[in-house]
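Here is the structure we will look at.
FYI, it's all coordinate maths here, none of it is from the lab. Computed from a predicted model, the values in this text were never measured in an experiment. Cβ sites come from the backbone with ideal geometry, for glycine too, and all protein chains shown count toward neighbours.
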């Protein structure tokens, strides 16, 4: 065997791919919370995460969703960067639409302990069927927060 032939063969040692900094951040994330700057006032916070991805537990195909959370803070508010990274951690995990909605909601309720909250997940159509799952702390909050969900998302004109 010539030297050129042996040089062109792939190495028998498999090199472990080093995680990129974003992957490392996602793997090690813990959602952080901050003190509410206006704890005496009721106000609504709407957070929209349009790129939630995870896998279907039956087929393994990717699923895509837009997550919209509305809450009235009590003592704490959520850190958006760590929330985004936490949502990104679901990319290679398997969930039904109902399970991922309720699991995320339970995690956020445990950390925030809000006065009221809802999580609405709008799943991209699969097989010509779209799904929306909404979970809330109570029906009264859903009714109160309805106007926040219906507000158009606008950008300032500057």
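What residues of the range 90-116 lie in the reach of a label at residue 61, counting those whose backbone N is under 20 Å from a point 7 Å from the Cα along Cα→Cβ? Correct set: 91-101. Would you calculate the separation in nanometres between label points at residue 93 and residue 81, each defined as 7 Å from the Cα along the Cα-to-beta-carbon direction? Inter-label distance under the simple model: 2.2 nm.
Under the rule a/c < 1.5 gives rounded, and otherwise a/b versus b/c splits prolate from oblate, where does the range 65-158 land using the Cα gyration tensor? Rounded is the answer for the range 65-158, as its axis ratio a/c remains below 1.5.
Counted residue by residue at 0.36 nm each, then reduced by the alpha carbon distance between them, the extension gain from residue 51 to residue 148 reaches 32.9 nm.
From most to least packed by mean Cβ count within 10 Å, the peptides 134-144, 33-43, 117-127 give 117-127, 134-144, 33-43.
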